[in-house]
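Visitor: This is the structure, below, for whatever I ask next.
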Amino acid sequence: MFNNNDRESTAPVDVGETYEVTIEDIAREGDGIARVEGFVIFVPGTQVGDTVNIKITRVLRKFAFGEKEE
């Protein structure tokens with residue numbers, strides 16, 4: 001029997017949590033890319049080198065989305 005992989009998350013982040021991250025790269029779509037314990041988080045409206053506080057808005061199996069907190 002297979003586990004329900006949609007619920008089995010290995011992500012080190014959870015929706016609603018906040019983190020201070022540094023933007024390391026830019027995705028093709030223009031979103032900033034940060035990492036928490038190696039886990040990729042896309043953060044719109046950021047530039048490489050920015051250190052920002054983000055709030056996680058969505059977590060998928062291989063990556064997450066966050067928004068910049070002002």
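Visitor: Quick one: if you stick a label point 7 Å off each Cα along the C-beta vector at N53 and V15, how many nm between them?
Guide: Calculated label separation equals 2.2 nm.
Visitor: So what is the accessible area of the chain per residue, in Å², with the probe set to 1.4 Å?
Guide: Using a 1.4 Å probe on heavy atoms only, each residue of the chain averages 72 Å².
Visitor: Quick check: pseudo-label points 7 Å beyond the Cα along Cα→Cβ at A27 and R61, how many nm apart are they?
Guide: The answer from the label model is 1.7 nm.
Visitor: A follow-up question, please. How much of the accessible area of the chain, in percent, comes from carbon and sulfur atoms when a 1.4 Å probe is used?
Guide: 44 percent
Visitor: Just to compare against my own numbers: the Cα pair-distance distribution for the chain, 5 Å bins, whole % per bin, please.
Guide: 4, 18, 31, 22, 12, 6, 4, 2, 1, 0
The values are calculated or read from the model by the stated rules, or taken from the named source; none is laboratory data. Just so it is clear, the structure is predicted and the values come from calculations on it, not from any experiment. Because the Cβ atoms are built from the backbone with ideal geometry, glycine has one as well, and the counts that use them run over all protein chains shown. Heavy atoms of the whole protein, side chains included, go into the accessibility calculation; ligands, DNA and RNA do not. Shrake-Rupley method; radii C 1.70, N 1.55, O 1.52, S 1.80 Å.
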